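Heads up: the structure comes next, in structure tokens.
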Amino acid sequence: MFPPDTAPVDHSALFGPKRDQLKPIAFTDVEELTALLAYVRGREDLRARLSPDAKPGRDDLVDRMIEFEATDLPLSILDRARATGTNTDGELLRLYLERERAWLLDPLPVDYVIPLALTALDLDEPLIIDKTTKIEPLDEATQAARAPSPPTISSVPETVVGAA
């Protein structure tokens, strides 16, 4: 669905890998984006950070992903600056530093818990899927904490809501 004609222009959406009807400005049309892409492509450490799961033989796909990720940095700053009315060098630097940290710092070591609704697991120990994924039953206290406490009027049965 397209935004209404009265919506503010999403300037970053005007840029793309190649010029076409929806992307009237190619990344290579902008000298600074071209220089950024050359810099990132020339740095193996940045290439690895921007495409950590790159598989051998997928060079074209990896390069497109790196191109997208690298250009997203300045374009996201453009969007944020426009949305907040930022226009001084100091304010732009602050926006850049926020994005740089998100771009360059190592990810936090966190666990994501995704409950499998209404699924009984008879596991004595965690089922290891790969080096970062495992399936294990939640203890009863955690299960109880997830259930809604007050009864609600809903078209979804409480047991399904509590399980999900």
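If you check Thr71, Thr119, Thr86, which single one turns out to be among the β-branched types (Val, Ile, Thr), at pLDDT 85 or above and part of a loop (DSSP other than H, G, I, E, B)?
The conditions single out Thr86.
Go through the residues of region 1-18 one by one and say whether even a single one is in a loop (DSSP other than H, G, I, E, B), surrounded by fewer than 13 Cβ atoms within 10 Å (Cβ to Cβ) and at pLDDT 85 or above.
The answer is yes, given that some residue of region 1-18 is in a loop (DSSP other than H, G, I, E, B), surrounded by fewer than 13 Cβ atoms within 10 Å (Cβ to Cβ) and at pLDDT 85 or above.
Starting from region 22-49, take each residue that is small (Gly, Ala, Ser) and list its partners that are open to solvent by less than 60 Å² (accessible area, probe 1.4 Å), counting only C-beta distances under 8 angstrom and pairs at least six apart or across chains.
Once the first residue is small (Gly, Ala, Ser) and sits in region 22-49, its partners that are open to solvent by less than 60 Å² (accessible area, probe 1.4 Å) give Ala26/Phe15; Ala26/Gly16; Ala48/Ala54.
Does Val30 meet the test of being within 22 Å of the chain's Cα centre (by Cα), among the aliphatic types (A, V, I, L, M) and open to solvent by less than 70 Å² (accessible area, probe 1.4 Å)? If you could, list the steps in order and put the result at the bottom.
Numbers: within 22 Å of the chain's Cα centre (by Cα): no; among the aliphatic types (A, V, I, L, M): yes; open to solvent by less than 70 Å² (accessible area, probe 1.4 Å): yes.
Taking the combined requirement at face value, the residue does not satisfy it.
Scan region 33-47 residue by residue and report those that are exposed (fewer than 12 other Cβ atoms within 10 Å of the Cβ) and in a helix (DSSP H, G or I).
Ala35, Ala38, Tyr39, Glu44, Asp45 - these are the residues of region 33-47 that are exposed (fewer than 12 other Cβ atoms within 10 Å of the Cβ) and in a helix (DSSP H, G or I).
Can you find a residue that is touching a Phe, Trp or Tyr at 6+ places or on another chain (Cβ under 9 Å), farther than 20 Å from Asp106 by Cβ and in a helix (DSSP H, G or I) anywhere in region 58-67? Before the answer, list the steps.
So the first thing to find is which residues in region 58-67 are touching a Phe, Trp or Tyr at 6+ places or on another chain (Cβ under 9 Å), and the list is 67.
Adding the requirement that they be farther than 20 Å from Asp106 by Cβ leaves 67.
From what's left, in a helix (DSSP H, G or I): 67.
Yes, region 58-67 contains a residue that is touching a Phe, Trp or Tyr at 6+ places or on another chain (Cβ under 9 Å), farther than 20 Å from Asp106 by Cβ and in a helix (DSSP H, G or I).
If I filter region 56-94 down to residues being of a type in the set (A, V, I, L, M) and over 16 Å from the mean Cα position of the chain (by Cα), which single residue comes out as most open to solvent (accessible area, probe 1.4 Å)?
That would be Leu93.
Tell me, please, whether a residue that is touching a Pro at 6+ places or on another chain (Cβ under 9 Å), at pLDDT below 90 and under 25 Å from Val9 (Cβ atoms) can be found in region 100-113.
Among the residues of region 100-113, not one is touching a Pro at 6+ places or on another chain (Cβ under 9 Å), at pLDDT below 90 and under 25 Å from Val9 (Cβ atoms), which makes the answer no.
The values are calculated or read from the model by the stated rules, or taken from the named source; none is laboratory data. Remember, it's a predicted structure, so these values are computed and weren't measured experimentally. Here Cβ is always computed from backbone atoms with ideal geometry, including for glycine, and neighbour counts include all displayed protein chains. Accessible surface areas use protein heavy atoms only, side chains included; no ligands, DNA or RNA. Shrake-Rupley method; radii C 1.70, N 1.55, O 1.52, S 1.80 Å.
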